[in-house]
Amino acid sequence: MTAAIKGSATPGAPRQLNVLSHLKYEYLVAGISGGVVSTLMLHPLDLIKIRFAVNDGQASTAPRYNSLRNAIAQIVKTEGLRGLYRGVTPNILGSGSSWGFYFFFYNTIKTSIQGGNSKKPLGPSMHMFAAADAGVLTLLMTNPIWVVKTRLCLQYADDVKLAESKKYRGMIDALKKIYKTEGIRGLYKASKFFKINFGIMIGLVPGLFGVSHGAIQFMAYEEMKNEYYDYLNVPIDTKLSTSEYIVFAAMSKLIAAASTYPYQVVRARLQDHHHDYRGTWHCVQCTWRYEGWRGFYKGLSVNLTRVTPATVVTFVVYENMFHYLQSRRTAVEEAIAVPAVSKLKE
């Protein structure tokens, strides 16, 4: 009877255990840690990048900055040091949760493709596939936070003519007002991957650019690491030094940022409540008409100054935190396994 019960129960059990074994909290915790640390260190550059990107020369309320140094000086003069940290709360929540979910989904999908064998290398196409899927899943959970963060970063001290419904006192206030005046669609404006309108996916073109940025970055990062592992002739899950992670993270981010930056300008302008673009294509047309190709690269130097160290910090913190948590898990599993083996021998 016991044998029959075991026999009937076993077919589904291994499959369930295999699926659950790919879900590791280490990916989530390490990703959140990297996102929060990098945001706290570099939020002022993120704020300035957004203000550069949305400044199309048409809005009279937006301040004009000549350079990074000039922008910092003007913001401190008119808004104080606190002005450099406008929107930091949603940025911390957004970056922490986004990186946490992204690394969690990406590594879960990647491990599933590997069949649980972390030493099995994947090709560029599979890395891009895993990164793109992880990006879409992350977006659905975090895009409203990014909309709020962008709008809080674009609250200017001399913006007195702005309607009360567009003046935000903080993150919660912004979420309430955006939802009240624009509905759920407002919280998914210029979504990184697609827009959502009553469950219908639209705006797929900018969405593809959003997916491609993360996909290109992770593909470049993973492929550079794999090539280096081959050169060292060690397994691909071997822990590297901090300096090696810095090089790979910086190079992968530069490649991805240079490839997809125009999309980020369009996204920021669509999210800016000082403008009323009819959609993605209208924003592209206006930018080209008034500013030419240079308009699509406004704030690029500031962006590279910000995103390169931000990505380096995020990835270095992630890799070190993950390997630390993984070593603790291994130590605990070994500690549990030793008494179990001893009992079996008895």
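Can you tell me which of (1) hydrophobic (A, V, I, L, M, F, W, C); (2) within 19 Å of F103 (Cβ to Cβ); (3) open to solvent by 40 Å² or more (accessible area, probe 1.4 Å) is the one W288 doesn't meet?
(2)
Looking at (1) more than 26 Å from V312 (Cβ to Cβ); (2) at pLDDT 85 or above, which one does Y85 not meet, given that it meets all the others?
It fails just one condition, (1).
Which residue, of N143, N107, is surrounded by 14 or more Cβ atoms within 10 Å (Cβ to Cβ), modelled with pLDDT under 80 and closer than 29 Å to L42 by Cα?
Unique residue meeting the criteria: N143.
Please identify the pairs in which a residue from region 170-183 that is over 22 Å from L93 (Cα atoms) has its Cβ atom under 6 Å from the Cβ atom of a residue that is open to solvent by 40 Å² or more (accessible area, probe 1.4 Å), counting only partners at least 6 apart or on another chain.
Going by the 6 Å Cβ cut-off, the qualifying pairs are T181/S165.
Condition first: basic (K, R) and open to solvent by less than 70 Å² (accessible area, probe 1.4 Å). Now tell me which residues in region 292-308 satisfy that.
K298, R306
The values are calculated or read from the model by the stated rules, or taken from the named source; none is laboratory data. Computed from a prediction, not measured in an experiment: that's the story for all the values here. Using ideal geometry, Cβ is built from the backbone for each residue, glycine included, and neighbour counts are taken over all protein chains shown. Remember, those area values only see protein heavy atoms, side chains included, never the ligands or the DNA or RNA. Shrake-Rupley method; radii C 1.70, N 1.55, O 1.52, S 1.80 Å.
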